[in-house]
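The values are calculated or read from the model by the stated rules, or taken from the named source; none is laboratory data. In this text the structure is predicted, and so the values were computed from the model without any measurement. Note: ideal-geometry Cβ built from the backbone for every residue, glycine included; neighbour counts use all protein chains shown. Heavy atoms of the whole protein, side chains included, go into the accessibility calculation; ligands, DNA and RNA do not. Shrake-Rupley method; radii C 1.70, N 1.55, O 1.52, S 1.80 Å.
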Amino acid sequence: MRTTVVVFPFDLFGGAGAGAGAQLLGDAVREIIDDTAEETRPCRADCLRGKLKVREETFETVEQVRDWRARGRQLARRLLRSGDFLVWLGGNHLSVLPVLEELGADDTTAELSHGNFLRHADGPLPRLVNVGNRDLFLTPAEAAETFEVVHTAERVAAEPEAVAAALREAARSAARVWIDLDCDALDPAFLPAVQQPLPFGLAPPVFLKLLDAVWSDRVVGMSVSEFDPGRDVRDAGLNLLGWLVEWVLLRRHGG
């Protein structure tokens, strides 16, 4: 089984600057590939040899920008049907929308974001489980219009074991699972490189615990969006996300 890493740095209509974050994470994956190829001693990354492929889309012309959504859907459709594990490194929130639209209505997505961009979806979306929401404006009824379940940041802080158990059960009931990380969900103390930082976000150890809870062979891919390197502090966000992407690749390939 191969993994295709798609760099999809679309960041128009809000979140401009996040496209560069997708490109930096793509470079981090290429560095993983190069370092593994040069390593002569046994290491965990041996399981990645010959298994990773990076594809980078560009949005430099009017035509490329005009067709961003159709191009994204076509690419996501082909890769999901191929059976490849898919890592989608997006720019802003909208860059992930083509993948979620292609997943359709028969899947569960662990959605770590505020979800406003989902209002622009064309057609049915997967079953969405939101983790880490800390919007103090939306009512539970409004959140329920988009998400099947919402595990707020305060519930994660108070009952991490209960949230992990609920996520594990939801993942078991799905034919396939997609994990979508909006970098806004992580606490800015650890990942400051977002455009709308809010306090009381998820701490990396807690996030890793929840990620482990939903992980199984049913996970077909993961997306990352809203990483704005122009707002990073001493590469804290880049280091955190680079480590996370490598963890996902190793977990997928048995390293």
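Out of the residues in the range 117-138 that are under 18 Å from the mean Cα position of the chain (by Cα) and of a type in the set (G, A, S), state the one that is modelled with the lowest pLDDT.
Here the residue is A121.
Condition check ((1) under 22 Å from D212 (Cα atoms); (2) more than 18 Å from the chain's Cα centre (by Cα); (3) at pLDDT 90 or above) across all residues:
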residue: A110; (1), (2), (3): yes, no, no
residue: P140; (1), (2), (3): no, yes, no
residue: F147; (1), (2), (3): yes, no, no
residue: D180; (1), (2), (3): yes, no, yes
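Which residue, of L86, L52, L103, L75, is under 14 Å from D180 (Cβ atoms) and either of a type in the set (F, W, Y) or at pLDDT 95 or above (or both)? Explain how you work it out, then say what you get.
Details: L52 fails: under 14 Å from D180 (Cβ atoms); L103 fails: either of a type in the set (F, W, Y) or at pLDDT 95 or above (or both); L75 fails: under 14 Å from D180 (Cβ atoms).
On inspection, the qualifying residue turns out to be L86.
In the range 10-31, how many residues are surrounded by fewer than 20 Cβ atoms within 10 Å (Cβ to Cβ) and at pLDDT 95 or above?
If we filter the range 10-31 for residues that are surrounded by fewer than 20 Cβ atoms within 10 Å (Cβ to Cβ), which is where we start, we get 12-14, 16-17, 20, 23, 27-28, 30-31.
With the extra rule that they be at pLDDT 95 or above, the set shrinks to 20, 23, 27-28, 30-31.
Residues that pass the stated criteria total 6.
Within the range 193-210, is even one residue part of a helix (DSSP H, G or I), basic (K, R) and over 18 Å from the mean Cα position of the chain (by Cα)?
First, pick out the residues of the range 193-210 that are part of a helix (DSSP H, G or I): 204-210.
Those still in the list that are basic (K, R) too: 209.
If we keep only those that are over 18 Å from the mean Cα position of the chain (by Cα) as well, we get none.
So far as the range 193-210 goes, no, none of its residues is part of a helix (DSSP H, G or I), basic (K, R) and over 18 Å from the mean Cα position of the chain (by Cα).
Sort through R176, R168 and tell me the only one that's surrounded by 15 or more Cβ atoms within 10 Å (Cβ to Cβ), in contact (Cβ under 8 Å) with a residue 60 or more places away in the chain and either more than 18 Å from D135 (Cα to Cα) or of a type in the set (A, V, I, L, M) (or both).
Details: R168 fails: in contact (Cβ under 8 Å) with a residue 60 or more places away in the chain.
It is R176.
Return the total of residues in the range 198-221 being of a type outside the set (V, I, T) and in contact with a Leu (Cβ under 7 Å, 6 or more places away or on another chain). Spell out how you get there, then give the answer.
Here is the first cut: in the range 198-221, the ones of a type outside the set (V, I, T) are 198-205, 207-213, 215-218, 221.
Narrowing the set further to residues that are in contact with a Leu (Cβ under 7 Å, 6 or more places away or on another chain) leaves 201-202, 204, 207, 210, 213, 221.
Residues in the range 198-221 being of a type outside the set (V, I, T) and in contact with a Leu (Cβ under 7 Å, 6 or more places away or on another chain): 7 in total.
Which of (1) open to solvent by less than 70 Å² (accessible area, probe 1.4 Å); (2) at pLDDT 95 or above; (3) of a type outside the set (D, E) is the odd one out, the single condition N239 does not satisfy?
(1)
V194 fails exactly one of the following numbered conditions: (1) farther than 13 Å from N130 by Cα; (2) modelled with pLDDT of 95 or more; (3) open to solvent by 20 Å² or more (accessible area, probe 1.4 Å). What is the number of that condition?
Checking V194 against (1) farther than 13 Å from N130 by Cα; (2) modelled with pLDDT of 95 or more; (3) open to solvent by 20 Å² or more (accessible area, probe 1.4 Å), the one that fails is (3).
I want to confirm something. Restricting to the range 42-86 and keeping residues that are in a loop (DSSP other than H, G, I, E, B) and acidic (D, E), which single residue is most open to solvent (accessible area, probe 1.4 Å)?
Of the range 42-86, the ones in a loop (DSSP other than H, G, I, E, B) are 42-43, 49-51, 57-61, 67, 83-84.
Still in the list and also acidic (D, E): 57, 60, 67, 84.
Numbers: E57: 15, E60: 156, D67: 69, D84: 29 Å².
For the range 42-86, the residue satisfying everything is E60.
Looking at the range 125-161 only, could you name the residues that are under 21 Å from A175 (Cβ atoms) and not in a loop (DSSP other than H, G, I, E, B)?
R127, L128, V129, N130, V131, V149 - these are the residues of the range 125-161 that are under 21 Å from A175 (Cβ atoms) and not in a loop (DSSP other than H, G, I, E, B).
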